[in-house]
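The values are calculated or read from the model by the stated rules, or taken from the named source; none is laboratory data. These figures come from a predicted structure and were not determined experimentally. Cβ sites come from the backbone with ideal geometry, for glycine too, and all protein chains shown count toward neighbours. Surface accessibility is based on the protein's heavy atoms, side chains included, excluding ligands, DNA and RNA. Shrake-Rupley method; radii C 1.70, N 1.55, O 1.52, S 1.80 Å.
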Amino acid sequence: KQWYQRRVRGQCFRMYNPLVYAVDPHCSYVCKYGNSEKSILFVSMSATPFGMAQTGVPFGNLKHVREYLGLTEFDIKAPKEAHPKLPITGWETLRSDPEGEKFWKFFESRYNIREFARKCYVTTYCPVLYVDEKGKEVTLLVCLTAYEIRLSVFVTYTSLTFVDIVKPSIIVAVGGFTHQQVGKLFCSREVGPCVYPLLHPAPSNPIPCKRWVAVANDQLVFAGVPQTIAGQDYVASAVKEEKKKKRAASTV
C-alpha cells in the first residue's frame with residue numbers, strides 16, 4: 001500500500017510508502033546507481049518527511065537529487081489520504097531535508113558523483129515514513145505492533161537479498177538503530193561485509209553541524225571508505241598536511 005492508517009496504543013499513525021507513489025524516481029535512482037556491484041553500501045534508517053517521502057530517493061533532499069545525483073523531474077502520484085500537515089508535493093516541495101542536505105553535502109564536497117557512485121550506493125533499511133495524528137514523524141521504535149514485526153521480517157529479507165546482489169565489502173549504517181539492526185543480520189555470517197556505524201545527521205542530534213562533519217569523517221576513515229573510493233590515489237589527511245608543511249618550509 002502507498003499509505004495506511006492504524007491506531008496503536010491509543011495513537012493514530014499513518015505510513016507513507018514512497019516506493020509506491022514515488023516509484024518512478026526511485027526506479028530511476030536504482031537503475032542509474034544500483035546497476036552494478038559496489039564496494040560500499042550506505043544504509044539509512046527510514047524515509048524522512050521532506051526527503052525520501054517526497055522524492056523517492058534515500059536522503060532525498062531535492063537540491064542534491066537534482067544537482068548532485070542528476071535525476072530529472074518526475075510526476076509523483078501523491079497519496080489521496082496523506083496527512084493535511086504533510087502533503088506530498090514531490091518535485092515542487094519548497095522545504096529542504098536537513099538530514100539529506102548534510103549527508104549529500106558531505107560527499108559532494110569531497111567527490112564528484114562519478115567517483116562516489118563507482119564504489120558506493122545508498123539505500124534505506126525501512127523505506128517508509130510514519131507520522132502521528134499531528135503530522136509529525138514517528139520513529140520505527142514507537143510503532144512496535146504485530147504488523148511492524150511482520151514488516152521487520154520483510155525488511156530483513158529484503159536487506160539480505162539486496163546485499164547479496166550488490167556484494168559490498170563495507171556497510172555503513174547511518175544511526176544507532178540502523179547499525180544495531182543491520183549488524184544483527186551479518187554478525188552470524190562467517191563470511192560477509194563488515195558493518196560500521198555513522199553518526200546520524202538528524203537535526204535532533206545534539207552535535208553541531210561542524211562537529212558532525214569531523215566525527216563522520218573520522219568514522220568513515222576508520223571504516224575504510226575514503227581509502228576504498230580513492231584506491232591507490234588515497235592520501236590520509238595527516239600525510240597531506242605533512243606534505244604541505246614540507247612544501248611551505250622549502251619555500252622559506
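Quick notes on this structure:
- Among (1) under 21 Å from M45 (Cα atoms); (2) open to solvent by 80 Å² or more (accessible area, probe 1.4 Å) - the single one P58 does not satisfy: (2)
- Of the residues in region 135-142, none is modelled with pLDDT of 60 or more, open to solvent by less than 50 Å² (accessible area, probe 1.4 Å), assigned to a helix (DSSP H, G or I) and not aliphatic (A, V, I, L, M).
- Region 47-61 residues that are of a type in the set (S, T, N, Q), paired with ones that are open to solvent by 10 Å² or more (accessible area, probe 1.4 Å) and in a loop (DSSP other than H, G, I, E, B) (beta carbon under 7 Å, 6 or more apart): Q54/I88; Q54/T89; Q54/T93; N61/S96
- Counted residues, region 30-42 - those being crowded, with 22+ Cβ neighbours inside 10 Å and in contact with a Gly (Cβ under 9 Å, 6 or more places away or on another chain): 1
- Residue that is within 18 Å of the chain's Cα centre (by Cα), exposed (fewer than 12 other Cβ atoms within 10 Å of the Cβ), at pLDDT below 90 and not β-branched (V, I, T), where the choices are S250, S204: S204
- Scanning region 72-109 for residues that are part of a loop (DSSP other than H, G, I, E, B), of a type in the set (D, E) and open to solvent by 60 Å² or more (accessible area, probe 1.4 Å) returns E73, D75, E81.
- Taken over region 94-126, the criterion of being among the aromatic types (F, W, Y) and either touching a helix residue (DSSP H, G or I) at 6+ places or on another chain (Cβ under 8 Å) or without any contact (Cβ under 8 Å) to a residue 24 or more places away in the chain (or both) is satisfied by W104, F106, F107, Y111, F116, Y121, Y125.
- Applying the set (1) modelled with pLDDT of 85 or more; (2) open to solvent by 50 Å² or more (accessible area, probe 1.4 Å) to R189 leaves exactly one unmet item: (1).
- Scan region 219-230 for residues that are open to solvent by 40 Å² or more (accessible area, probe 1.4 Å) and either at pLDDT below 90 or under 26 Å from T139 (Cβ atoms) (or both) and the total you get is 1.
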